[in-house]
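Remarks on the structure that follows.
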Amino acid sequence: MTEADYTSRSARRRESARSNPGKPVAAVVVALLAIGGGAWACNKAGDDNGGNGENAAASGDKCAGAQITITANPTLSGPLTKALEGYKGGQDGQGCERTYAVQAATDSETLQQIKNGSPSAQIWVSDNPGSFDEASEAAGTKITPGTAFASSPAIISGPSAQLKKLGTDEAAWTKILSANPPLTVANITRDRASALAVTAASQALGTDNSKAREVFGRLALTARDSIPSDAPHVTSEAALAARNAKSSTKLSEIGLEGGSPLVKVSAAKLIADDPQTDAAYRDLMSRFTSAEGQKAFAAAGYRTADGSKPPSNAPAGADAVRATSGASDESVSQVVASWAEATKPLRLTTVVDVSGSMREKTRGVSRIEAVSKATKHGLSLVPASTSIAVWEFSTELDGKKDYEERIPMSPISDPAKLKRIQASIDTLPQRVKGDTALYDTIWATYQAAQKDYKDGQISTVLLVTDGRNDDPKGGLSLSELKKKLRDAVDPKRPVDISTLAIGEDVNTKELSDIAKITGSGGTVYTAKTPQDVSAVLAASLQNRSSN
């Protein structure tokens, strides 16, 4: 080939690229072409020295075909790789055989790449439609998954003896309410099986039903990222099968009441209207739905797309699981959005009344003893992402001040700080004295919580008291307090004030009015006796997770 022939061939290729451009996802195209432009090129070995790439396949010469990269979360990357073993992959536009590479990356990592305009793959496989929706929003154009080629029902896993307490073939949501140990779920913003299960619970109990809100709150409070071996847990059948394959202790499964919605696996192109990617995508879908592809997915614990039959290696109980299509993607998205709001990290300023009246006893238990015990138990009811500050108040508790910050805002995930919080709560009964300087304390703690505010977190002041404002030296009046709060409210730094009122002396109307000034999340909870404190405190914490 002469220099003129080589130049002419290069020019033809450039012209071809101009006449048939791919339309990548927003800014994604530049990055993909930069990092993977060679993936579409087909060159005979030594082609730059004069080989005729267009006729390489026809002449039998070795041809370096386009490589297509597929990204998928680690759970899916294994079966995808297995499904592609021995696959020839079809030919690219130059007649060269395509090759495929599967890379493991979480959906969050792939989303971040798309947001940065630098995805490292042309095709994305996921079992979470919400991830595709979020990617579409980030890219500014629709990233649409194709028809599902594998599925796995959302189920409850756990020791068989515990699952029997939830039902026979299907776990009843009403029984889940009283389950001990409680049912746990993963973060539904990331885990599709948990998202489908929580949506199913909401729909089964009715969106306006108090039990539905209670289920939502309980599940939100117990969310975790790993499958426990000693408690019922929502997961997918395939994830449970993978877990059992690695563990000597095998867990069983039970379906959800009303049927177990399917977690469906599908793929989407990250480059639109590009002939190479389009052709590769079609060939991949044919492979994944072929007998060889389906065998690979079944070996990893997945069912076919319709979910009708469990694979031979499915966990015990799988044959009784009744798969359903489940709620619409729109309904699931609405529940996920509510969950994301409800499970924001909580910054909880706990303000405990240590005035003399807190010594009053009912059935041998003082109010302060009940508060101490219930508050300590309450620490187990809030998510690990919670931070807590502990304040106390009466009159002239700290010199001239009627209040004192005993423990600064501290994350309960830190064992040393959690131990300090627990120790401070344990010694509450030893510090009871004085009167009830309620209004000054509300104003001081509100200011402190507002100053401490962090974006993306929920700030709440939880006031625990058994009385009305009673400050012999004056202090703020109710009207002065309300005016200060109205003037201080900042929509960009919202802080709610809720109250746990103990006994009959608390003016709940007054405290409810104060809560309304500071925000919609504030509520007044009433415990008429010390024995009621634990249940009411639990309800207040769950309400913070389900509002």
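Taken together, the values in this text are just the output of simple stated rules run on the coordinates, not laboratory data. Keep in mind it's a predicted model, so treat the numbers as computed, not measured. Cβ placement follows ideal geometry from the backbone for every residue including glycine, while neighbour counts extend to all protein chains displayed.
Based on alpha carbons, the Rg and Dmax found for region 51-174 are 20.7, 72 Å.
From most to least packed by mean Cβ count within 10 Å, the peptides 344-351, 192-199 give 192-199, 344-351. Taking Lys and Arg as +1 and Asp and Glu as -1, the other residues whose beta-carbon sits under 12 Å from that of Met358 total -2. Each 5 Å bin from zero holds the following percent of Cα-Cα pairs in region 71-115: 5, 21, 20, 17, 15, 15, 6, 0. Packing order of peptides 371-379, 449-457, 315-323, highest average first: 371-379, 315-323, 449-457 (average count of other Cβ atoms within 10 Å over each peptide's residues). Computed over region 256-360, the P(r) tail beyond 21 angstrom holds 64 percent of alpha carbon pairs.
Packing-based ranking of 145-158, 397-410 yields 145-158, 397-410, ordered from highest to lowest mean Cβ neighbour count within 10 Å.
For Ser328 and Thr147, compute 0.36 nm times the residue count separating them, minus their Cα-Cα distance, and round to one decimal in nm. Can you show the working numbers first?
On the way: separation 181, 0.36 × 181 = 65.16 nm, distance 1.53 nm.
So the chain would gain 63.6 nm between Ser328 and Thr147.
Cross-linked pairs Lys82/Lys269; Lys376/Lys451; Lys264/Lys492; Lys164/Lys295; Lys165/Lys246: Cα-Cα separations exceed 30 Å for Lys264/Lys492; Lys164/Lys295.
By its C-alpha gyration tensor, with a ≥ b ≥ c as the square roots of the eigenvalues, how is region 344-546 shaped: rounded for a/c under 1.5, else prolate for a/b larger than b/c, else oblate? It comes out rounded by the Cα gyration axes.
Among Trp124, Trp173, Trp443, sorting on how many other beta-carbon atoms sit within 10 Å of each Cβ, with the fewest leading, yields Trp443, Trp173, Trp124.
Is the C-alpha gyration tensor of region 234-305 telling us rounded, prolate or oblate? Criteria: a/c under 1.5 is rounded; beyond that, a/b larger than b/c is prolate, otherwise oblate. In terms of gyration-tensor shape, prolate. Restricting the GluC sites (Glu not before Pro) of region 417-516 to loop positions (DSSP other than H, G, I, E, B) with no more than 15 neighbouring Cβ atoms within 10 Å leaves Glu504. For region 344-546, the relative contact order works out to 25 percent when only alpha carbon pairs closer than 8 Å and six or more residues apart are counted. Charge tally around Leu84: other residues with Cβ under 12 Å, Lys/Arg +1 each, Asp/Glu -1 each, net +1. For Val102, Val489, Val461, the sequence from fewest to most other C-beta atoms within 10 Å is Val489, Val102, Val461. Over every Cα atom in region 294-413, the radius of gyration and the widest Cα-Cα span, Dmax, amount to 25.6, 76 Å. Over all projection directions, the Cα-based convex hull of region 266-321 averages an area of 4.6 nm².
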